[in-house]
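A short worksheet on the structure shown next.
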Amino acid sequence: MTMNFDYKGIFYFKKHLSVPPSGVRGLLLLAVFVVLIHPANAIDYNVKAFGAKGDGLTIDTKAIQSAIDSCTVTGGRVVFANGQFVTGTIYLKSNVTLFVDKGAGIIGSTNIADYPHNQLDFRFFGDTWVSQSLIFARNAVNIGIEGTGTIDGRGSSFKVKTKIKPDKYRNRPYLLWIAGCQKVRVTGIELRNSAMWMQSYIRCDDLRIEGINVFNHSNHNNDMMDIDGCRNVVINNIIGDTDDDGITFKSTCDRISENIVVSNCVLSSHCNALKFGTESTTGFRNVSISNCVIRPSEIKTNISGSPEGTAGLVLEIVDGGLMENINISSLVIDSPQVPIFVRLGNRARKHYAEAPQPGIGKMNGINISNVIARSSGKFSSSIMGVEGGNVENITLSDIHFIATGGGTAEDAAAKVEELPAEYPEATMFGYLPSSALYVRHVRGLKLTNITFDLKNSDARPLMVFDDVIRAKISDTFKTGIPAIDLLKQIHCTDIELK
């Protein structure tokens, strides 16, 4: 443990305070010890000084927790160096940063008994399902997980024992579960092999996730990160490859997810790489996403989704809630089944049993620009509202759709079901009657400088509009193999095509 003192303060206490009884004297000395530490220097608590072995075999939970409990008194860093530290649940507390040094690691115990159940002080969807985590923080302030080492949950050790919800989610701990916290930093670290979601952040304020590397292909539900009801969120410089969804924003509690910036990320997923939804109880507001690459996963065997990935960019409101003020730009989406999927549905799922029944939500003010959107099969990108609920005021500009083609006359004549209450998935409607973009139940659509590149012959038009009102289309053209048509309109009004 290293520290710096302001010795002038010690002389002040010696001069002005009388010596108290011995029991009180110890408390006073501790207070002096805490207050007079130089604020510019963090105090390091090496877990080995508290009895941790770091030999990759010994369960070090008690020693690690002792270091954290001591650190929260003064604030500082709990340091993991020169070892592989096996542990069950550890509780991260205010003013503590876990620092995993280069070459060191925190390793999850493979015994589920080492992960006690924990509950939060607010309701959210699934609050009776998953209540275990390797690292857990609740209502803490100024916490961090940093360094260039590794945290590995050894998630393949925890088996799914049933296909029945919600039982299949139980007894599989998160790697990180950060709930109701403020001023949270997760930087530099490598996260691997969770038994469930890799990271769950719920109802947090001032969250920064930067420069981390994530690999999560060890179990079902292996999301990269899930951010739920959080405000003031910055996610930057992430490299991640996951079996399930990638950077995922959810809304399962009583707070809207808002004021969010995502930038400079490289993402791979067997499911949805960059996703808002599925859950949308309150929704999403004030979002900026830029300069990200979505590429195929390096892992070709999938537990969920498909080897090439289900979708690249996904925006969903299906359980009520609001989505507004969304700005997404400068994406490369390389070859998932569906590059872009926007869905307003009406599954209307409550976020807990006693909650009010949600109605149809709202999607308004979405801007997607400067995107290369390459698909890997016959599936089409789509923007889909539902009868009685329209996507409103959505703009697509400077987008290059690279469609695989191969659609048949049967595909072109296919009836597209509404499916308002179904789980939203980019492939849920099958092969749509468009080769590149299908738009239905939209009010206020603007397409500018959209390029279509069709790689194989296709019996479908490039675009189909169904129940679209007030659309302006300009500087839109096609290259490659000629399509049957650029645009087919069904039940549309006020469509301006230049």
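Annotations for the structure displayed:
- Inverse of mean 1/r across different Cα pairs in the stretch 219-302, Kirkwood, Å: 13.0 Å
- Pairs of alpha carbons in the stretch 182-227 whose separation is greater than 16 Å (percent): 39 percent
- For the chain, the longest piece that avoids every one of the chymotrypsin sites (Phe, Trp or Tyr not before Pro) found in DSSP loops with at most 16 other C-beta atoms within 10 Å covers 130-351.
- Whole-number Å³ per residue for the convex hull built on Cα positions in the chain: 157 Å³
- 10 Å beta-carbon shell around residue 144, net charge (K/R +1, D/E -1): +3
- In this Cβ point-charge picture (+1 for Lys and Arg, -1 for Asp and Glu), the stretch 223-498 has a dipole of about 560 debye about its Cα centre.
- Using the Stokes-Einstein relation with a Kirkwood hydrodynamic radius computed over Cα pairs, the translational diffusion coefficient of the stretch 41-125 at 4 °C and a viscosity of 1.567 mPa s comes to 97 µm²/s.
- Three-way shape label, the stretch 393-498, alpha-carbon gyration tensor, a/c 1.5: oblate
- Positive-end extreme of charge dipole, the chain - chosen from 468, 292, 144 (charges on Cβ): 144
- Distances between placed amide hydrogens fall under 5 Å for residue 457 paired with 406, all partners being 5 or more residues away or on another chain.
- Charged side chains reduced to their Cβ positions (Lys and Arg at +1, Asp and Glu at -1) give the stretch 164-259 a dipole of some 300 debye around its Cα centre.
- In the stretch 223-498, one over the average inverse separation of all distinct C-alpha pairs is 18.4 Å, which is the Kirkwood hydrodynamic radius.
- For the stretch 368-441, the normalised intensity computed at q = 0.12, 0.17, 0.21 Å⁻¹ comes to -0.36, -0.72, -1.04 (log10 of I(q)/I(0), Debye sum over alpha carbons, equal scatterers, no solvent).
- HN-Hα J in Hz across the stretch 250-258 - Karplus 6.51, -1.76, 1.60, θ = phi - 60°, x for Gly and Pro: 10, 8, 10, 10, 8, 10, 6, 8, 8
- Rg [Å, one decimal], Dmax [Å, integer] - the stretch 447-498, C-alpha atoms: 11.4, 32
- Over the residues of the chain, the helix contribution to mean residue ellipticity at 222 nm works out to -2500 deg cm²/dmol, using -39500 (n - 2.57) for each DSSP H run of at least 4.
- Projected onto its three principal axes, the C-alpha set of the stretch 139-236 covers 38, 27, 19 Å, listed from the longest axis down.
- Each residue of the stretch 180-191 was assigned a 3J(HN,Hα) from its phi angle through the Karplus curve 6.51 cos²θ - 1.76 cosθ + 1.60 (θ = phi - 60°); the sequence is x, 9, 10, 6, 10, 10, 10, 9, x, 6, 9, 10 Hz, with glycine and proline shown as x.
- For the pair the stretch 431-488 / the stretch 269-293, the C-alpha centres are spaced 24 Å from each other.
- Greater than 18 Å apart at Cα, pairs in 378/446; 415/446; 415/478; 165/350; 378/498: 378/446; 415/446; 415/478; 378/498
- All other residues whose Cβ lies under 13 angstrom from that of residue 156 are scored, Lys and Arg at +1 and Asp and Glu at -1, for a net of +2.
- Based on Cα atoms of the stretch 79-172, Rg over Rh with Rh as the Kirkwood radius reads 1.00.
- Spacing of the two label points (7 Å from each Cα toward its C-beta) at residue 415 and residue 161, in nm: 4.5 nm
- Farthest positive-ward along the chain dipole, Cα basis, beta-carbon charges - from 420, 191, 326: 191
- Mean projected area of the Cα convex hull of the stretch 257-408, taken over all directions, amounts to 9.9 nm².
Just so you know, all these numbers are worked out from the coordinates, no wet-lab data involved. Remember, it's a predicted structure, so these values are computed and weren't measured experimentally. Don't worry about glycine lacking a Cβ; one is built from the backbone with ideal geometry, like all the others, and counts go over all protein chains shown.
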